[in-house]
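This report refers to the structure that appears directly beneath it.
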Amino acid sequence: MIFVTIGTGAFPRLITKMDEIAGKTNENVVMQIGCTKYIPQNAEYFEFLNFEDMVDFIRKSRVVVCHDGAGSIMTVLQLGKPVIAVPRLKRYGELFYENSGEFIKELIDQGLTIKAIYDIGDIEAALRNTDSTACYLDTENQKKLVSALKEYINQLQKQKVGSYQGASK
Amino acid sequence: MKICLVCSYGGHLAEMLRLTEAFEGHRIFLITYKERYTMALDDISKVYLIPRLIPNFSFKYLSRFLLLANMIITAVGELFMLLKERPHVIVSTGAEIAIPICYLAKFLRKKVVFIESICRINEPSGSAKIIYPVADLFLVQWESLLNKFPKARYSGRIM
């Protein structure tokens, strides 16, 4: 099964292409279409899914196609599934700031196993050639950031306690 | 400590949820938009939802008037939440929903922590630029942004 998720926005360029692919393939295609106005004709679709149902579809899928959203990509990689990410681009009216897919490029440079699609015509070939063997999410970077925030909050707490003790003397 | 987490929905909320472990042991509440999304907020016991007037179907139709009206509603709501909850620190992953509360909090002498989105590699977000002057801790998730914000720190990223 191919699962498509585009998050909370609209992504008609991707949804229409995946609907076209769904009409040609024997493989089941399920789509979460967010605010996209185009209604898929060849695939089961939902506007939004709750988290448990989203995870369920991802688990059952062979591959997930999504926008270049950190949340979607993290969820898919954590579940060990191959992800094909399609950056939203300003020139198609999909974003209000300039973007040429740098986020996905950087993630790939960092070693994340993501297939990036810059030309929507490349999706079909990418869907045929998926590899689920190396899909996971390293937590090293996340631990550093969490640790930095924790340290800051603890520092604030010490200052707060210190000021109370100073005031009571 | 009482910590106010404030963020927009979607990606901003997904990023915030990757950081909640940093606030364990403290009392937290979340402010976000009232929108349809798929994230589970079960780990956060108190959530305030602010109505969102800005249409989401396409960024082409971002209406400045609706944005301004939404900011006023947000500011009034967030002032109420600040006075009711009295957090010691505000933590935000953006976007515009965080602007009023960060400035109100600064006025009320609270600490402000801002974490720029992981999606911003070379160009900062609008809310980051606006909140930067009042942030006590300003974190970027890519070192390439450090030269845009002199007092920013890079300390890792959500993935």
Item to check | Residue count, the range B:100-131 (criterion: within 21 Å of residue A:73 (Cα to Cα), touching a strand residue (DSSP E or B) at 6+ places or on another chain (Cβ under 6 Å) and among the hydrophobic types (A, V, I, L, M, F, W, C)) | outcome: 1
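Of everything in the range B:63-78, what is out of contact with any helix residue (DSSP H, G or I) (no Cβ under 7 Å at 6 or more places or on another chain) and of a type in the set (Val, Ile, Thr)? Give them in sequence order. Don't jump to the end; show me each part of the working.
Within the range B:63-78, the first condition is being out of contact with any helix residue (DSSP H, G or I) (no Cβ under 7 Å at 6 or more places or on another chain), and the residues that meet it are B:63-70, B:72-73, B:76-77.
Those that are out of contact with any helix residue (DSSP H, G or I) (no Cβ under 7 Å at 6 or more places or on another chain) and of a type in the set (Val, Ile, Thr): B:72, B:73, B:76.
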Item to check | Count - residues of the range B:1-14 that are at pLDDT 95 or above and open to solvent by less than 10 Å² (accessible area, probe 1.4 Å) | outcome: 5
Checklist entry - Which condition breaks for residue A:116 when tested against (1) among the small types (Gly, Ala, Ser); (2) within 8 Å of another protein chain (Cβ to nearest Cβ); (3) within 12 Å of the chain's Cα centre (by Cα)? => result (2)
Checklist entry - Can you name the number of the only condition in (1) touching a residue at least 40 places away in the same chain (Cβ under 8 Å); (2) in contact with a Lys or Arg (Cβ under 7 Å, 6 or more places away or on another chain); (3) among the polar types (S, T, N, Q) that residue A:72 fails? => result (2)
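Looking at B:23, B:29 in this structure, which one is within 19 Å of residue A:152 (Cα to Cα), within 9 Å of chain A (Cβ to nearest Cβ) and either open to solvent by less than 10 Å² (accessible area, probe 1.4 Å) or modelled with pLDDT under 95 (or both)?
Within the list B:23, B:29, the selection yields B:23.
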Checklist outcome for this item: The one condition residue A:64 fails out of (1) facing chain B (nearest Cβ under 8 Å); (2) at pLDDT 90 or above is (1)
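Sort through A:147, A:100 and tell me the only one that's closer than 21 Å to residue B:125 by Cβ and either modelled with pLDDT of 90 or more or more than 10 Å from chain B (Cβ to nearest Cβ) (or both). Please lay out each step first, then the result.
Values: A:147 fails: closer than 21 Å to residue B:125 by Cβ.
Of the residues listed, the single one that is closer than 21 Å to residue B:125 by Cβ and either modelled with pLDDT of 90 or more or more than 10 Å from chain B (Cβ to nearest Cβ) (or both) is A:100.
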Checklist entry - In the set A:18, A:1, which member is away from every other protein chain (no Cβ under 12 Å) and surrounded by fewer than 23 Cβ atoms within 10 Å (Cβ to Cβ)? => result A:1
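The values are calculated or read from the model by the stated rules, or taken from the named source; none is laboratory data. All values derive from a computational prediction rather than experimental measurement. Positions of Cβ are backbone-derived with ideal geometry, glycine not excepted, and every protein chain shown enters the neighbour counts. These accessible areas exclude ligands, DNA and RNA; they are computed on the full protein's heavy atoms, side chains included. Shrake-Rupley method; radii C 1.70, N 1.55, O 1.52, S 1.80 Å.
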